[in-house]
Amino acid sequence: MKILVVGGGGREHAIIMKLAESPRVDKLYCTPGNGGISKYAECFDVSATDIDGVVALAQKLNPDMVVVAPDDPLVLGMVDALQAKGFKTFGPKANAAIIEGSKVFSKELMKKYNIPTAGYEVFTDSDSAIEYLKKQNTYPAVIKADGLALGKGVILAQNETEAIKAVHEMIDEQKFGKSSARIVIEEYLTGPEVSVLSFTDGKTVVPMISSMDHKRALDGDEGLNTGGMGTVAPNPYYTDTIAKECMDTIFMPTIEAMNKEGRTFEGCLYFGLMLTPKGPKVIEYNCRFGDPETQVVLPMLETDLYEIFEAIYNHTLSDLHIKWKSGSCACVVMASGGYPLSYPKGLEISGLDDMGQVDGAIVYHAGTKLKDEKLVTNGGRVLGVTCTALTLAEALRKSYEAVDKISWENVHFRYDIGQRALKADVDPLNLDYKDDMEDYIESNGVYLRQ
């Protein structure tokens, strides 16, 4: 089989490395790819959002399947365009990808079909939104751009000043372009967050191993929101009992709701959940593999990933028994200094061998490229350093040891990835771990670079 993967980040690197394990896959292509992906797949200089360009490339390469991984091309209809030309695909069509492409759509879907989520209101003008905020006078307040915004379209306003600023930036200043022409103001939920990726063919839903993301740029969940600074799997707060409740009240009802709306979802549906005192609720849906959640979930997968993709395309997912490895997985994201704001590119990366790896770790490349046969930075999130082990503490120790071998000028990463998950085993009700974080890190033997 020949497979073309669309995208060029850490998620795509993880997908490609897992597909490379399949005895049925002979050749891998990727567009645009990156410096690490180029070691495993032949890369092409076609943007992931260039629908006509990708269709033309597929016609040239004639792959057996095209895997569309990022959100933008899915929402823009790349799968529709590829299927119209006769290509087998993995990923939802545009009318289903709207579940991520429009926060307003997803909230109204959940409201219509009684899927548990935070209370909300929709606004298209700043005066009405600000009047609502003042009337509610409840903080923190969650303010979301309706459309895609590179994972940065959510503001958690701590007070009225921050909330008003966010509303003006989104609606009046069009900070995210058309994506913030409409905004959603949501009730603030409390509880542990859980990410659950799931395979679905529109009839059957197979949840993957749960994970815990770390969105904030700095230790202690402080600083600006990012695309994700690290992940661990499985998430200890996501028990078997909660998993069953989510299947009954969220997962299957979502698939059935999309079917009733004539928007059958086929591909990977991501459930971002909050385990509130009143039960699990949906924070957000994504229409694709999460990043960096994919980097800790796919290393735990035993079943052939291509066979899963094929079963989804053929609507035979129920016939497949998907197996997972035991143990835990941890991913520490190494980013450019200054991320998620401005940062330099083109800085030489040291500490990686010819395959872009270090001993005992899988290093997924997100923002890298080859320049004069040297690996240099080419983005905000640069590498995802990932290790598996029988315990989470050991996986984290190995990941940070690997991180310590890799460097470039002004590299930035969080030192506390996975600490909340480790803490859950000791005191699952105590979610405020900032004060004793350093002592806990030391007592659990988690390696930190000084």
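The values are calculated or read from the model by the stated rules, or taken from the named source; none is laboratory data. What you are looking at is a predicted structure, and each value in this text was computed from that prediction instead of being measured. Cβ sites come from the backbone with ideal geometry, for glycine too, and all protein chains shown count toward neighbours. Keep in mind that these areas ignore ligands, DNA and RNA; they rest on the heavy atoms of the full protein, side chains included. Shrake-Rupley method; radii C 1.70, N 1.55, O 1.52, S 1.80 Å.
When the criteria are applied in full, A311 meets the requirement of being surrounded by 14 or more Cβ atoms within 10 Å (Cβ to Cβ), more than 17 Å from the chain's Cα centre (by Cα), small (G, A, S) and not in a loop (DSSP other than H, G, I, E, B).
Before we move on, is K203 outside any loop (DSSP other than H, G, I, E, B) and open to solvent by 30 Å² or more (accessible area, probe 1.4 Å)? For K203, the condition - outside any loop (DSSP other than H, G, I, E, B) and open to solvent by 30 Å² or more (accessible area, probe 1.4 Å) - is not met. For segment 134-174, the set of residues classified as part of a loop (DSSP other than H, G, I, E, B) and more than 22 Å from the chain's Cα centre (by Cα) consists of N137, T138, Y139, P140, Q158, N159, E173, Q174, listed by residue number. Look at (1) touching a Leu at 6+ places or on another chain (Cβ under 8 Å); (2) not in a strand (DSSP E or B) and you find that K345 fails only one, number (1).
For beta carbons closer than 7 Å, sequence separation of 6+ or different chains, a first residue in segment 121-140 that is closer than 16 Å to D172 by Cα and a second that is open to solvent by less than 90 Å² (accessible area, probe 1.4 Å) and among the small types (G, A, S), the qualifying pairs are F123/A129; T124/A181. Please determine whether any residue of segment 352-360 is open to solvent by less than 30 Å² (accessible area, probe 1.4 Å), not in a strand (DSSP E or B) and not polar (S, T, N, Q). For segment 352-360, residues open to solvent by less than 30 Å² (accessible area, probe 1.4 Å), not in a strand (DSSP E or B) and not polar (S, T, N, Q): present.
Scanning segment 1-27 for residues that are surrounded by fewer than 24 Cβ atoms within 10 Å (Cβ to Cβ) and out of contact with any Asp or Glu (no Cβ under 6 Å at 6 or more places or on another chain) turns up M17, K18, L19, A20, E21, P23, R24, V25, D26, K27. Restricted to segment 339-351, and to residues that are loosely packed, with under 13 Cβ neighbours inside 10 Å and touching a residue at least 12 places away in the same chain (Cβ under 8 Å), which residue is nearest to E21 (Cα to Cα)? The extreme case among them is S350.
Scanning segment 391-407 for residues that are part of a loop (DSSP other than H, G, I, E, B) and open to solvent by 60 Å² or more (accessible area, probe 1.4 Å), we see that the one that is farthest from M334 (Cα to Cα) is T391. Return a yes/no flag: does segment 206-228 have any residue that is open to solvent by less than 10 Å² (accessible area, probe 1.4 Å) and more than 21 Å from E100 (Cβ to Cβ). Yes, some residue in segment 206-228 is open to solvent by less than 10 Å² (accessible area, probe 1.4 Å) and more than 21 Å from E100 (Cβ to Cβ). When residues in segment 324-337 are screened for being assigned to a loop (DSSP other than H, G, I, E, B) and over 12 Å from V382 (Cβ atoms), 3 of them pass.
Confirm whether G279 is farther than 30 Å from R381 by Cα and either modelled with pLDDT under 95 or surrounded by fewer than 23 Cβ atoms within 10 Å (Cβ to Cβ) (or both). In short, yes.
Taken together, T303, T264, T241 contain a single residue that is open to solvent by 10 Å² or more (accessible area, probe 1.4 Å) and more than 22 Å from F90 (Cβ to Cβ), which is T241. Answer with yes or no whether M252 is open to solvent by 10 Å² or more (accessible area, probe 1.4 Å) and either assigned to a strand (DSSP E or B) or closer than 30 Å to L218 by Cα (or both). It is false that M252 is open to solvent by 10 Å² or more (accessible area, probe 1.4 Å) and either assigned to a strand (DSSP E or B) or closer than 30 Å to L218 by Cα (or both).
The number of residues in segment 126-161 that are within 18 Å of T226 (Cα to Cα), open to solvent by 60 Å² or more (accessible area, probe 1.4 Å) and not aliphatic (A, V, I, L, M) comes to 2. Counting residues in segment 52-68 that are closer than 27 Å to M274 by Cβ, in contact (Cβ under 8 Å) with a residue 40 or more places away in the chain and touching a strand residue (DSSP E or B) at 6+ places or on another chain (Cβ under 8 Å) gives zero.
Listed here are the residues, each with its yes/no results for (1) free of Cβ contacts under 8 Å to residues at least 40 places away in the same chain; (2) closer than 18 Å to V25 by Cα; (3) basic (K, R).
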residue	(1), (2), (3)
L298	no, yes, no
T303	yes, yes, no
I308	no, yes, no
I322	no, no, no
K325	no, no, yes
V332	no, no, no
A335	no, no, no
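State yes or no: is D71 without any contact (Cβ under 8 Å) to a residue 12 or more places away in the chain and in contact with a strand residue (DSSP E or B) (Cβ under 9 Å, 6 or more places away or on another chain)? Here the answer is no, as D71 does not meet what is asked. Hey, can you tell me all the residues within segment 190-215 that are of a type in the set (K, R) and touching a residue at least 40 places away in the same chain (Cβ under 8 Å)? K203 - this is the single residue of segment 190-215 that is of a type in the set (K, R) and touching a residue at least 40 places away in the same chain (Cβ under 8 Å).
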